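Take a look at the structure set out below.
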Amino acid sequence: MTIPQSAMSQKPQKMVVSMVAAVAVAHLLNDLIQAVLPAIYPMLKTEFQLSFAQIGLIALVYQITASLLQPFVGLYTDKHPLPYLLPIGMSITLLGIGGLAIASNFYMLLGSAVMIGIGSSTFHPEASRVARMASGGRFGTAQSAFQVGGNSGSAIGPLLAALIIVPNGQSATAWFMGFALLAVFVLSRVSRWLVSEAKQAKKSQIAQTKGLQGAVLYRALVVIAVLMLVKFTYIASMSNYYTFYLMQRFELSLAQSQVYLFAFLAAVALGTFMGGPIGDKIGRKAVIWVSFLGIIPFALFLPYVNLSTTIILSMLIGLIISSAFSAMVVYAQEALPGRVGLISGLMFGVMFGIGGIAAAALGILADHYGIIWVYKVCAFLPLLGLMTILLPNSRPA
């Protein structure tokens, strides 16, 4: 059974908390599983005697299928809704995890990476669509809850990989099939809710929200893309290189620097959760303004202050800059109504992928000029947030 587009764009009168919670939990499970593969690259390299080029190829096909495929999935399901795609996609992830546990050669590893990536690409656009449908008009709150689930999974995944897979070997990857099975169960219930919503929608005509048009729409999407790139690049500079920066500049131990990294990531999670409800109250543009302009002084001072102030400023930066994510996702969805899947695929897929590329580029610069120099350069990135002045209202009168 397919769901009419009107149903997929439905705005419930009251938030369906159970469905928002379901997709948030599923996001946690999905991103937990997705984080396992990169976490065990060193183990796979040793066990299969792989070259760095082969590891790079696994990473490439995984990123292409997990990130760049998302907007195409979203674009298709915007026009041809598939309510059972969520559990089907997670079943593909389940097969990928199973394949990873029993792989005996490089090509089986490659195939498993492709299946895990495809599962992720089918999940994010559709689950984000469900969060919007179930939001009851509190779009930012629902997106924040959904995103915090993913952030939690990304943090837990490598930890569980270190505790379960690394000590016990490749076959222990099969334990993560349990997480995938749980996600299939949760998403099956979500799909049944989608079908019931489609039946109810047939009884009434759902009005489409008018979005932006022509050059104004293109301007809005370009500005949002730049802001997302700034956010992901700056967050990547902190999450990937913060420990190295602290160890080099303040001569901390690895254990000490990891504690401070955890504090930064906790602030990011809190900011992500807070940004959505605040955006529902004061507006998307206001949150975006505060998020990017608010961190400019903190970012500019960060490379020049002492350790205590560095920790405080980094936590404030993580809290403030992460608050804009849900606001930007909802802003783009309102600017282009009826294309929730496409927008979600672009936000969760392509921009994450570009952010990863930017992080790799920062690593190259750090090799040549040093990590402290990189942080001094990244301090100017938030100034691009001034482009927010070019954003039109996403809901014109």
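The values are calculated or read from the model by the stated rules, or taken from the named source; none is laboratory data. Computed from a predicted structure; not experimentally measured. Please note: Cβ atoms are built from the backbone with ideal geometry, for glycine as well, and neighbour counts cover all protein chains shown. Heads up: the accessible areas ignore ligands, DNA and RNA and are worked out on the full protein's heavy atoms, side chains in. Shrake-Rupley method; radii C 1.70, N 1.55, O 1.52, S 1.80 Å.
How about region 221-231: which of its residues are open to solvent by 20 Å² or more (accessible area, probe 1.4 Å) and in contact (Cβ under 8 Å) with a residue 40 or more places away in the chain? Reasoning before the result, please.
The initial filter retains those residues of region 221-231 that are open to solvent by 20 Å² or more (accessible area, probe 1.4 Å), namely 221-222, 225-226, 229.
Of everything in region 221-231, those that are open to solvent by 20 Å² or more (accessible area, probe 1.4 Å) and in contact (Cβ under 8 Å) with a residue 40 or more places away in the chain turn out to be LEU221, ALA225, VAL226, LEU229.
Conditions (1) of a type in the set (Gly, Ala, Ser); (2) modelled with pLDDT under 90; (3) surrounded by 15 or more Cβ atoms within 10 Å (Cβ to Cβ), marked per residue:
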site: ARG138; (1), (2), (3): no, yes, yes
site: GLN147; (1), (2), (3): no, yes, yes
site: ALA180; (1), (2), (3): yes, no, yes
site: SER196; (1), (2), (3): yes, yes, no
site: LYS202; (1), (2), (3): no, yes, no
site: GLN205; (1), (2), (3): no, yes, no
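Taking SER344 as the residue in question, decide whether it is under 11 Å from the mean Cα position of the chain (by Cα) and open to solvent by less than 10 Å² (accessible area, probe 1.4 Å).
Numbers: under 11 Å from the mean Cα position of the chain (by Cα): yes; open to solvent by less than 10 Å² (accessible area, probe 1.4 Å): yes.
Yes.
Considering every residue within region 113-136, establish whether at least one is surrounded by 24 or more Cβ atoms within 10 Å (Cβ to Cβ) and not in a helix (DSSP H, G or I).
Looking for residues that are surrounded by 24 or more Cβ atoms within 10 Å (Cβ to Cβ) and not in a helix (DSSP H, G or I), one finds at least one in region 113-136, hence yes.
Would you check if there is a residue in region 82-103 being open to solvent by less than 30 Å² (accessible area, probe 1.4 Å) and either modelled with pLDDT under 90 or touching a His at 6+ places or on another chain (Cβ under 8 Å) (or both)?
So far as region 82-103 goes, yes, one or more of its residues are open to solvent by less than 30 Å² (accessible area, probe 1.4 Å) and either modelled with pLDDT under 90 or touching a His at 6+ places or on another chain (Cβ under 8 Å) (or both).
Check LEU381 against each of (1) under 23 Å from the mean Cα position of the chain (by Cα); (2) open to solvent by less than 10 Å² (accessible area, probe 1.4 Å) and name the one condition it does not meet.
(2)
Being closer than 15 Å to PRO382 by Cα and either open to solvent by less than 10 Å² (accessible area, probe 1.4 Å) or touching a strand residue (DSSP E or B) at 6+ places or on another chain (Cβ under 9 Å) (or both) is the filter here; which residues of region 303-327 pass it? Working first, answer last.
If we filter region 303-327 for residues that are closer than 15 Å to PRO382 by Cα, which is where we start, we get 303, 313-314, 316-325.
Once the filter is applied, which keeps residues that are closer than 15 Å to PRO382 by Cα and either open to solvent by less than 10 Å² (accessible area, probe 1.4 Å) or touching a strand residue (DSSP E or B) at 6+ places or on another chain (Cβ under 9 Å) (or both), region 303-327 yields PRO303, SER314, ILE317, GLY318, ILE321, SER322, ALA324, PHE325.
If you go through region 207-214 one residue at a time, do you hit one that is crowded, with 20+ Cβ neighbours inside 10 Å and at pLDDT 90 or above?
Step one: list which residues in region 207-214 are crowded, with 20+ Cβ neighbours inside 10 Å, which gives 212.
Still in the list and also at pLDDT 90 or above: none.
Checked against the condition, which is being crowded, with 20+ Cβ neighbours inside 10 Å and at pLDDT 90 or above, region 207-214 yields no hits at all.
So in region 27-75, with the set limited to residues that are among the hydroxyl-bearing types (Ser, Thr, Tyr) and either touching a residue at least 40 places away in the same chain (Cβ under 8 Å) or buried (at least 20 other Cβ atoms within 10 Å of the Cβ) (or both), which one is farthest from MET108 (Cα to Cα)? Explain how you work it out, then say what you get.
So the first thing to find is which residues in region 27-75 are among the hydroxyl-bearing types (Ser, Thr, Tyr), and the list is 41, 46, 51, 62, 65, 67.
Then keep just the ones that are either touching a residue at least 40 places away in the same chain (Cβ under 8 Å) or buried (at least 20 other Cβ atoms within 10 Å of the Cβ) (or both); that gives 62, 65, 67.
Details: TYR62: 13, THR65: 16, SER67: 21 Å.
Ranking the candidates gives SER67 first.
What is the number of the single condition among (1) under 19 Å from PRO303 (Cα atoms); (2) not in a helix (DSSP H, G or I); (3) not charged (D, E, K, R) that PRO337 does not meet?
The one condition PRO337 does not meet is (1).
Would you confirm, using the coordinates I've provided, whether GLN248 is over 28 Å from LEU390 (Cα atoms), polar (S, T, N, Q) and in a helix (DSSP H, G or I)? Explain how you work it out, then say what you get.
Working: over 28 Å from LEU390 (Cα atoms): yes; polar (S, T, N, Q): yes; in a helix (DSSP H, G or I): yes.
Yes.
For region 306-335, name all the residues that are touching a Leu at 6+ places or on another chain (Cβ under 9 Å) and within 16 Å of THR233 (Cβ to Cβ).
Across region 306-335, the qualifying residues are SER314, ILE317, GLY318, SER322, ALA324, MET328.
Hey, can you tell me all the residues within region 267-287 that are touching a helix residue (DSSP H, G or I) at 6+ places or on another chain (Cβ under 8 Å) and free of Cβ contacts under 8 Å to residues at least 12 places away in the same chain? Reasoning before the result, please.
Quick first cut of region 267-287, residues touching a helix residue (DSSP H, G or I) at 6+ places or on another chain (Cβ under 8 Å) only: 267-280, 284-287.
If the condition is that a residue be touching a helix residue (DSSP H, G or I) at 6+ places or on another chain (Cβ under 8 Å) and free of Cβ contacts under 8 Å to residues at least 12 places away in the same chain, then ALA286 is the only one that fits.
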